[in-house]
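Nothing in this text is a laboratory measurement; each read-out follows from the coordinates by a stated rule. Quantities reported herein were computed from a predicted structural model and do not represent experimental measurements. Cβ coordinates were reconstructed from backbone atoms using ideal geometry, including for glycine residues, and neighbour counts include every protein chain displayed.
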Amino acid sequence: GFHNEHGNGGAGILRHQGGSYTVEFAIVGLLFFVLVFAVVEIGRLLFTWHGLAEATRRGARVAAVCPVGHSAPPRVAVFSSPDGDGTSPVLPGLSTTHVSVDYLDRYGVKLTAPAADFPAIRYVRVAISNYQHQFLVPMFGTTLNAPSFETVLPRESLGVPREGGTVQCFGTGS
C-alpha cells in the first residue's frame, strides 16, 4: 500500500483536510446566515413601509367622515381602536404623535382654523412623519428614519349627519 515518510498511510493529510472543511463550512455558513437575515430585515422594512402607507389611507378615510378635530382619525390610522390608547399593535413605536390630520381648501392649502372655516374644507390630509424603523439584526444598524407618508382624500360628511340624524364618527359619539 501507500506509505508516506511518517508511515501512517496518508491519515495525517486527511485529518488536516478535515479541519479545512470546518473552516470552509464556517465561512459559507456565515455568508448564508447573513443573507437569510438580510432577506428577513428587507421583508420587515417593506412590511413597515406598506403599513405606514396603509395607516395614512385609513386615517384619511376616517377623517373625511368624522367631525373636524375628532380624535378617531389618528387612532384609527395607527391601527388602534377609535377610543384606544393611540399606540399601534401592528407597527412597533408608531403612535398618534406621528400622525397629523390637516384640512385643505380647494387649492390644497392647509386651513389654519378649519372648524371656523368649515365651508372652505375640500380635502383631508393625513400624514405620518418622524417614524423610526427598528432593525432586529444589529449588523444592519439599529434604526432607519422612515420617509414621510401621506394620503389626501376629498372631504365627505365631516361628521355632519343627515337630516334628523345624530353625529357619529366611526362608531363613537361626538
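Some values worked out for this structure:
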| item | result |
| --- | --- |
| Computed lengthening from S71 to S148, 0.36 nm per intervening residue step minus Cα-Cα distance | 25.6 nm |
| Sequence ranges 25-36, 75-86, ranked by mean other-Cβ count within 10 angstrom, highest first | 75-86, 25-36 |
| Sites A53 and D83, calculated FRET efficiency, Cβ-Cβ separation with R0 25 Å, nearest 0.05 | 0.55 |
| Extension gain, F118 back to Q168 (0.36 nm per residue minus Cα-Cα distance, nm) | 16.2 nm |
